[in-house]
Amino acid sequence: MLLETLKALTNAGRDALQTACGLAVTAESVSQLEQGGLTFPALGDLVITGGSLNRVHLGADSGLCRRLAQLDDPAGGCSGTELLARAFLGHLLEEIPGRRPRGRFAGLAVEPLAVRTRGVRTFGFRFVTAAGQFFLLAEVPSRLEWELAKGTDFLTVMAESYLPDGWATRNALAGPLGVENFLVFLRKVEADTYLFLPTAGGAPRVVCAFLVEQCSHEGDRALKFALKLPDQARELPFPGTEVEGRVGVGERSVEFTTRYLGRTLHPVGGGAMLQCGLFSVPGQLAVLQRRGTFRIPIEEPIPVDLALDDDEGGSPWRRRHERRPGRLVLGSLADLSFSGARVTLDRNEAPGCAVQGQRITCNVHLPGVPERLRLAGIVRRVATVRVEHDDPCEELGIEFLPAAQQGPGVLDRVRDFVLAEQRAWLARRIQVAGVGEW
């Protein structure tokens, strides 16, 4: 689904320029962006529902803006910018994967936009014409993220189809059959694969990738991962260098060792090519616990106030002059453990208000705890939750900072609450199982 979405975006960009502006595309490219900030030459934002996208930024350089101004129709009340945006939206909805996808304009304005990219599945597109350049910026969810957000049992079905019985209780998936089935599973669900690329400085460079396909390299089988590689050849691992990989599957982390083989490209439509890397097929897969401490689900939503520092993160949908430090966003506690929490943001909050690695303060009043707790943490995961017939919202995975960086006894109160809820949960299970007093 992810590759189909990228192809739909490239086709829609090319077709919109031809039908709305009469411009032929002479060159086009797509790139996976890293986490960070950039200034985007915005034309406007499109919001998508029912499809495999949430929002798409449209942008143009000064040359294309001048061409669009020539297409303005004051009598008809339609600007050249709106003409291009409407054409792009129409072409995109014809091809984008999904169930009855729909779209609307969130805003049309020609002005620079300060954007904070997440660096997981953030893609940038560039279309070159004789009049100027057209740009797209979009967060593209994986098939796994899309299905889980809709509440389907997609992950369970895929795991039962391709992973061995009881795999989650094993220490490893060994043997050719176990590895091969996992690779098919990984490609079909499009799960995030974190690769730890060695660097000259010693600390590995962590990149997020997804498996595109299996292919051949110098007569041997290889795995083609789409990922953002360093531009400088001297910053790349030497071919044959061992690379550690990690994939999260539910409550488990599947980890492996592979070898970097070199760069390659993968076509995604027209002349656009996605940057990829080739890696060897691992011989064994280790199965580990993802979170080191027991987590409890929160049955009744518990409100959480999150204090974010816009200097570190900030919403990509807010203009630069609107940014302010210490922004407060609202959410609900979804689960909790001794060492972290999962928080679902309020649907009124703008997407992208937090990024991985950002420091955050959680203000929450846990049931049965007299005072309001102030928990300092770091955002470790940002995921989009998609619900059919409703606007998407976001979930944050937060890791609490050590006790020395918290208020006195704060983590102890969290621990006591988790243990009390765990005991209540186990007691309910015993009653359901028909076990009497003992």
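The values are calculated or read from the model by the stated rules, or taken from the named source; none is laboratory data. Here the structure is a predicted model, which means the values were calculated and not measured. Positions of Cβ are backbone-derived with ideal geometry, glycine not excepted, and every protein chain shown enters the neighbour counts.
Structure notes:
- Of all positions in the range 341-360, none carries a residue that is at pLDDT 90 or above, in a strand (DSSP E or B), not β-branched (Val, Ile, Thr) and not assigned by TED's automatic domain parsing to the domain that holds Leu265.
Listed here are the residues, each with its yes/no results for (1) among the charged types (D, E, K, R); (2) surrounded by fewer than 19 Cβ atoms within 10 Å (Cβ to Cβ); (3) under 22 Å from Leu274 (Cβ atoms).
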{"residue": "Leu92", "(1), (2), (3)": "no, no, yes"}
{"residue": "Pro97", "(1), (2), (3)": "no, yes, yes"}
{"residue": "Leu108", "(1), (2), (3)": "no, yes, no"}
{"residue": "Ala130", "(1), (2), (3)": "no, yes, no"}
{"residue": "Glu139", "(1), (2), (3)": "yes, no, yes"}
{"residue": "Leu144", "(1), (2), (3)": "no, no, yes"}
{"residue": "Phe154", "(1), (2), (3)": "no, yes, no"}
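- Lone qualifier among Gly13, Gly90 - being outside the structural domain of Cys208 (by TED's automatic domain parsing), at pLDDT 85 or above, outside any strand (DSSP E or B) and more than 30 Å from Phe225 (Cβ to Cβ): Gly90
- Residue among Arg246, Arg295 that alone is at pLDDT below 85 and within 24 Å of Glu147 (Cα to Cα): Arg295
- Odd one out for Arg234 among (1) in a loop (DSSP other than H, G, I, E, B); (2) over 25 Å from the mean Cα position of the chain (by Cα); (3) closer than 20 Å to Gln275 by Cα: (1)
- The set of residues in the range 164-183 being without any contact (Cβ under 8 Å) to a residue 40 or more places away in the chain and either buried (at least 16 other Cβ atoms within 10 Å of the Cβ) or touching an Asp or Glu at 6+ places or on another chain (Cβ under 8 Å) (or both) consists of Asn181 alone.
- Index of the failed condition, Ser216 passing every other in (1) surrounded by 11 or more Cβ atoms within 10 Å (Cβ to Cβ); (2) closer than 19 Å to Val184 by Cβ: (1)
- Of all residues assigned to the range 292-301, none qualifies as being closer than 25 Å to Arg221 by Cα and either among the aromatic types (Phe, Trp, Tyr) or assigned to a strand (DSSP E or B) (or both).
- The range 161-219 holds strands (runs of 3 or more DSSP E) entirely within its bounds, and those carrying 3 or more residues that are in contact with a strand residue (DSSP E or B) (Cβ under 8 Å, 6 or more places away or on another chain), farther than 21 Å from Met273 by Cα and assigned by TED's automatic domain parsing to the domain that holds Leu278 map to 172-174, 193-197.
- For the range 250-260, the count of residues that are within 22 Å of the chain's Cα centre (by Cα), surrounded by fewer than 13 Cβ atoms within 10 Å (Cβ to Cβ) and at pLDDT 80 or above is zero.
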